[in-house]
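The values are calculated or read from the model by the stated rules, or taken from the named source; none is laboratory data. From a predicted model like this one, the values you see are computed outputs, not experimental measurements. Cβ atoms come from the backbone with ideal geometry, glycine included; neighbour counts cover every protein chain shown.
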Amino acid sequence: MLKDFKEFALKGNVMDLAVAVVIGAAFGKIVSSLVDNIIMPLVGILLGGIDFTGLKITVMKAEITYGVFIQNIVDFTIIAFAIFIALRLLMKLKPKEKPVEEVEAPPEVDPKEELLKEIRDLLKNEQTK
């Protein structure tokens, strides 16, 4: 069982996934900081200093903080857009691969030519005997 786990854990796909999760978490922190510290204060200024996180409704003793929900939706939208732009830039920087049709295939050999080559090889073998 330990051998199977070791084999599974060291496969390329699992290692690639682990690296992607770590890099994604780090990138998420950068984008969250961008949203929290730069973009949202500017949005607040443009909207007249509104801070969504303070919006709430009190029903009896329960507080419904719908402003935090709105803030999270805005954060998600900005983060998703930032990731979209980053991936788009990375795809442009990635070297282009040839489409499958453009990959050079070996030239087709005429069947008659192939038969002639076989006859030639057989004749050579008989002469060397």
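Could you tell me whether any residue of the stretch 67-79 is of a type outside the set (D, E, K, R), surrounded by 11 or more Cβ atoms within 10 Å (Cβ to Cβ) and either touching a residue at least 40 places away in the same chain (Cβ under 8 Å) or touching a strand residue (DSSP E or B) at 6+ places or on another chain (Cβ under 6 Å) (or both)? Taking every residue of the stretch 67-79 in turn, at least one turns out to be of a type outside the set (D, E, K, R), surrounded by 11 or more Cβ atoms within 10 Å (Cβ to Cβ) and either touching a residue at least 40 places away in the same chain (Cβ under 8 Å) or touching a strand residue (DSSP E or B) at 6+ places or on another chain (Cβ under 6 Å) (or both).
With respect to the stated conditions, residue 39 is within 26 Å of residue 20 (Cβ to Cβ) and in contact with a helix residue (DSSP H, G or I) (Cβ under 9 Å, 6 or more places away or on another chain). In the stretch 38-50, the count of residues that are modelled with pLDDT under 75, surrounded by 10 or more Cβ atoms within 10 Å (Cβ to Cβ), on the phi < 0 side of the Ramachandran plot and part of a loop (DSSP other than H, G, I, E, B) is one or more. Every condition in (1) without any contact (Cβ under 8 Å) to a residue 24 or more places away in the chain; (2) out of contact with any Ser or Thr (no Cβ under 9 Å at 6 or more places or on another chain) is met by residue 31 except one, and the failing one is (1). Selection of the stretch 55-82 for residues being more than 32 Å from the chain's Cα centre (by Cα) and either assigned to a loop (DSSP other than H, G, I, E, B) or closer than 23 Å to residue 29 by Cα (or both) yields 55, 56, 60, 61, 65.
As for the stretch 10-28, it holds no residue that is surrounded by 10 or more Cβ atoms within 10 Å (Cβ to Cβ), modelled with pLDDT of 85 or more and not in a helix (DSSP H, G or I).
Return the residues of the stretch 88-119 that are of a type in the set (A, V, I, L, M) and at pLDDT 80 or above; say none if nothing qualifies. Matches in the stretch 88-119: 89, 90, 91, 93, 115, 116, 119.
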